[in-house]
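Structure record follows, encoded as structure tokens.
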Amino acid sequence: MGHTSLEKIIALQKKTPHIRNLCILAHVDHGKTTLADCLVASNGIISSRLAGKLRYLDSREDEQIRGITMKSSAISLHYTTGGNNYLINLIDSPGHVDFSSEVSTAVRLCDGAIVVVDAVEGVCPQTQVVLRQAWLENIRPVLVINKIDRLIVELKLTSQEAFTHLQKILEQVNAVTGSLFTSKVLEERAEKDAEAQSSCTENGSGDQVYDWSAGLEETDDSDLYFSPDRGNVVFASAIDGWGFRIHQFAEMYSQKMGIRSSVLLKTLWGDFYLNAKAQKIMKGAQSKGKKPLFVQLVLDNIWSMYDAVVTRRDKEKVEKMVTSLGLKVMSRDLRHSDPKVLLSAICSQWLPVSQAVLSMVCEKLPCPAEISAERVEKLMSVGARRFDSLPEKTQELKKAFLDCSADDTAPVIVFVSKMFAVDSKPGTILGPLFSPFDLTHALSCRVGSPDVLPSIPHMACCTVDRLYLLMGRELEDLDEVPSGNVLGIGGMEEFILKSATISTSPSCPPFTPLNFEATPIVRVAVEPKHPSEMPKLVRGMRLLNQADPCAEVLIQETGEHVLVTAGEVHLQRTMLISFSSRIWHLPTLPKAPKICLFQKVAVIHQVKEEQTKYPEGVQVDSTGLVTLTTPNKMATVGVRAIPLPEEVTRLLEDNVELIRTMEQFSLFAWEDKTLDINQKILENIQEFKVKLESNLQGRKWRGAVERIWAFGPRRCGPNILLNSVEGYRRPSVWQCLEREKETEKAEIRDFDNSIASGFQLATLSGPMCEEPLMGVCFSVETWDMKLSAPLAQQDSIDEDSQTAEPNIDNQNESSDTHETNASSASSNRSRSGAEATGSSVDCYGPFSGQLIAAMKEACRYAFQAKPQRLMAAMYTCEIMATAEVLGRVYAVLSKREGRVLQEEMKEGTDMFIIKAVLPVAESFGFADEIRKRTSGLASPQLVFSHWEVISSDPFWVPTTEEEYLHFGEKADSSNQALKYMNAVRRRKGLYVEEKIVEHAEKQRTLSKNK
């Protein structure tokens, strides 16, 4: 096919039934970009000879150098089949785990996906991730088993062995899909059972017959799985330019053998063989030792082609094959010294991969108008809200989605998936964007005016002035874009941060947030090389925050500008290179990556040795109870630190949104306001409370759930403040569950909020290295106050100022600055208020501030009175390596404190799969080192897994003679926790206990001794 003109693509954009929006998903290095090159070459955009070598959609310099895709790229292609012209909007996505956020943005824009699997490596971790992402977005996948040439050239399998290997790969992919389907059915069944049980309880019927069937038998899952006879599987070698579906061979052999193509289609894949004597296709090839039909009619031909062209280089046999197939091969290809050139020239004409893939896409993937009602409702139902609970006008938009109308009266709905900066165009371009269902014709004149905009939070009025067609490395200006297309929009950088929903209807809700598989965990501080360029750095950081969906930009209290990224490759290759050379051409100096740590109380049955001399006013008894008095001797607080069970810590981490909702309800109740909470959320909160009660068992946790005072830090963290003060009954954090019950009105003591604020500050920065706490419960056991009259008058002022807490919706580290500013602002307001009212304020400042500081210090001393441990972020590391380099892989892992969990050999190959856990702090340079040590024969895949307690005590010192002999006097070489703690303290400018000069000798002048 020749080059497709822009006018042709614009004309095809108006035919919604003939539009296919799809993305290519796969594990890293499975051949996505090479396959995309073959598809792009079919439109004449690049030469077919350069397909697989040019990597056209990898437009960045660092992508070409490293050889992996780092960002999603979109291009529009034209394909003709069955007399119909189709427009293919193709998005190539990265496969590296650090860039999985780019996969999330690509999947949201599409109606279908091409899942590529390496024929040798099979289903890898990222393959499972992309299949799950496609499942969560309700898009239909098709399968391409790529790199089949490796089975012939590298593994040297026979055609029979290759058939068995391909069957296993297909079973692996279908097993992943089946597990996703099963989990969905079981979840739906569990919801139905819960509703049935609640209805039975309400009706009072005691007898209930339980149905043990899981519902899997009644559900139709026939369309979910991949099978060559259904036409949704392509066998290919994109680097050699060939690929096929069994439909092509069924049609080819039906003419030669006189067998109907429908019969061949059903029997070409499976346990069937050809009985030459009876001229029939029989079943039971494996049991009878016969060649399967797929091996005999398909694979044997491909194997003989490789044998003649690549292995033996038999020119006579090659010429016979070319003549029998009716192909035309140029003489220069026949004379070429590289046999792969001749092979590509033959196979790209005989079985062109672009024809097989694009015909499968047009037949099997849906057009934008065929979107399911389930996906529409899921997109419009934000959070725990159900579609039925949305306003009536919002529900009416569902019809516009399903109709995909091109009428001028239809509402315009565009989802902004991601933003990116383009150097050649003025301003920032947003994209790719997708109007999956509605017209974006004349968008700039239909957005509306600010006068008619309703007062809805997070809604702004804007005007769209530029529309673009995304063509890989180029952007083409458009006047209008019909419904169901992927497009770029310019001039929106002032209105949108990362993603948004644009609509002409104010009733349109924002779409559900994207599902990100990667967690931003790696932090690095950035500063300009020249201090005078700091304004450029700030502007660049803001643009960088918009351009990457997974990156976070923070400004610490110390003034440092910090980037938070998903991994080392994400940080080095995307963030810093983009920032320094691509966006602002600004040289930057990245500092050492920051080690992310948490601090917790360890569950160790031992008495902590006295290591700390406590200041005056702090009393610590043998049980760990810390009693501290405020400087003016007006109040005394007694606090005890208790370690939370690991199950409770995980439960608190998993239910952050529910805790935040509960705190918001309590804040509204404090101000005598009401907050409407969805019934579904209330049920989830009730379930969360029941789980907490079941996990907090034992004498010391009796009634603890009802006595929870607050969660922290930031009012939603994995730490608990317990109210154990005798005689003090304050409002419960579970007020949202008790609003329908008639309960006694609990009164709040004066300065109650000061105790909670001190707890928040203590959990936000622990005593070991000023990092947040995790899994700690602080129990307030005594709280005595001796208020004088002037302080009592000051009470209202202090309490009003204390209610000015930071926004509980803050989720990032920038809230540290807000909390500090809020505390200082409240102290200033209370001080000025007290002076204005003439009340006597002592020399220690406002009483509320003294109580906050006392509570914070009491929590810190209570934490130090117990055995302390650090928690480090851990990666799950999966390494594929050959047997020759296994020893080197283990050496690198042990050097970096890694721990091997599992080692198994991949069936049918000489590759070993090693699964290990590795501290994030030790992962910098790990991939480069392991590639150097193994000469490129091993490649690791790092995915953030969990937080793990470091077993060693950072404060341990040797005491016995044996310990001195084994560990040395300082014992710092083997103490991993001490090394991490000192690194963080040194970075933050805190005191580090270490000797700078050791074994110093007095300098003497030799000349004086003469």
Label-point separation (nm) for ASN85 and GLU653, each offset 7 Å from Cα along Cα-to-Cβ? 5.5
Distance from the Cα centre of segment 230-278 to that of segment 656-695, in angstrom? 59
Using just the Cα positions, wrap segment 282-402 in a convex hull and report its mean projected area in square nanometres, one decimal place. 15.2
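At 0.36 nm per residue, minus the direct Cα-Cα distance, what do GLU560 and THR463 gain on full extension? Give it in nm, one decimal, please.
Values: separation 97, 0.36 × 97 = 34.92 nm, distance 3.54 nm.
Value of the extension gain: 31.4 nm.
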Where in segment 623-678 are there trypsin sites (Lys or Arg not before Pro) that are in a DSSP coil and have at most 15 other Cβ atoms within 10 angstrom of their Cβ? LYS633, LYS673
Using alpha carbon coordinates only, what is the Rg to Rh ratio of segment 673-777, with Rh defined as the Kirkwood radius? 0.97
Summing +1 per Lys or Arg and -1 per Asp or Glu among the other residues with Cβ less than 15 Å from LEU157's Cβ gives -3
Whenever you get a sec, line up SER952, SER848 from highest to lowest accessible area (probe 1.4 Å, protein heavy atoms). SER952, SER848
Under the 0.36 nm per residue contour assumption, what length would be gained going from the current alpha-carbon distance of GLN255 and LEU497 to full extension? 81.2 nm
Listed pairs LYS156/LYS915; LYS71/LYS418; LYS147/LYS340 exceeding 21 Å between Cα atoms: LYS156/LYS915
Using R₀ = 30 Å, calculate the FRET efficiency as 1/(1 + (r/R₀)^6) where r is the Cβ-Cβ separation of GLN248 and LEU50; round to 0.05. 0.75
Heavy-atom accessible area of THR876, protein chains in place, probe 1.4 angstrom, given in Å² to nearest 10, is 60
Mind listing which GluC sites (Glu not before Pro) in segment 213-320 are in a DSSP loop and have 12 or fewer other Cβ atoms within 10 Å? GLU217, GLU218
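Could you calculate the FRET efficiency of ASP388 with GLU1001 from 1/(1 + (r/R0)^6), where r is the beta carbon distance between them and R0 is 56 Å, rounded to 0.05?
Numbers: r = 83 Å, r/R0 = 1.48.
Once rounded, the FRET efficiency stands at 0.10.
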So which lysines pass the test for LYS979, namely a Cα distance under 20 Å, with those fewer than 8 places away in the same chain ruled out? LYS591, LYS594, LYS600, LYS895, LYS970, LYS988, LYS995
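If each residue of separation counts as 0.36 nm, what is the full-extension length gain between HIS966 and LEU990 once their alpha-carbon separation is subtracted?
Details: separation 24, 0.36 × 24 = 8.64 nm, distance 2.99 nm.
Gain in length upon complete extension: 5.7 nm.
For segment 458-555, which GluC sites (Glu not before Pro) are in a loop by DSSP, counting at most 16 other Cβ atoms within 10 Å?
Passing sites in segment 458-555 are GLU480, GLU494.
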Formal net charge of residues neighbouring ILE88 (Cβ-Cβ distance under 14 Å; K, R +1; D, E -1): +1
Keeping all protein chains in the complex and leaving out DNA, RNA and ligands, what accessible area do you get for SER183 with a 1.4 Å probe, in Å² to the nearest 10? 50
FRET efficiency for ASP314 and THR158, Cβ-Cβ distance as r, R0 = 22 Å, nearest 0.05? 0.70
Per residue, accessible area of segment 1-151 with a 1.4 Å probe, heavy atoms of protein chains only, in Å², comes to 27
Largest to smallest accessible area among ARG245, ARG707, ARG542, ARG189 [probe 1.4 Å]: ARG542, ARG707, ARG189, ARG245
Per residue Cα convex hull volume for segment 221-295, in cubic angstrom? 117
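May I ask you to give the percent of accessible area on segment 908-1003 that is carbon plus sulfur, with a probe radius of 1.4 Å?
On the way: 3150 of 5990 Å².
Summing carbon and sulfur atoms, their accessible area is 53 percent of the total for segment 908-1003.
Counting only protein chains, not ligands or nucleic acids, how are HIS165, HIS336 ordered by accessible area (probe 1.4 Å), most first?
Final ranking, largest accessible area leading: HIS336, HIS165.
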Starting at the first residue of segment 269-281, write each ³J(HN,Hα) from the Karplus equation 6.51 cos²θ - 1.76 cosθ + 1.60 with θ = phi - 60°, in whole Hz, x for Gly and Pro. 10, x, 8, 10, 9, 9, 8, 5, 5, 7, 6, 10, 9
Rounded, prolate or oblate: pick one for segment 688-741, where a ≥ b ≥ c are the square roots of the eigenvalues of its C-alpha gyration tensor, a/c under 1.5 means rounded, and failing that, prolate if a/b is larger than b/c, else oblate. rounded
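The values are calculated or read from the model by the stated rules, or taken from the named source; none is laboratory data. This one's a predicted model, so the numbers in the text were calculated from it and none came from an experiment. When we count neighbours, we look across all protein chains shown, and the Cβ atoms used for this are built from the backbone with ideal geometry, even at glycine. The accessibility values were calculated without ligands, DNA or RNA, using every heavy atom of the protein model including side chains. Shrake-Rupley method; radii C 1.70, N 1.55, O 1.52, S 1.80 Å.
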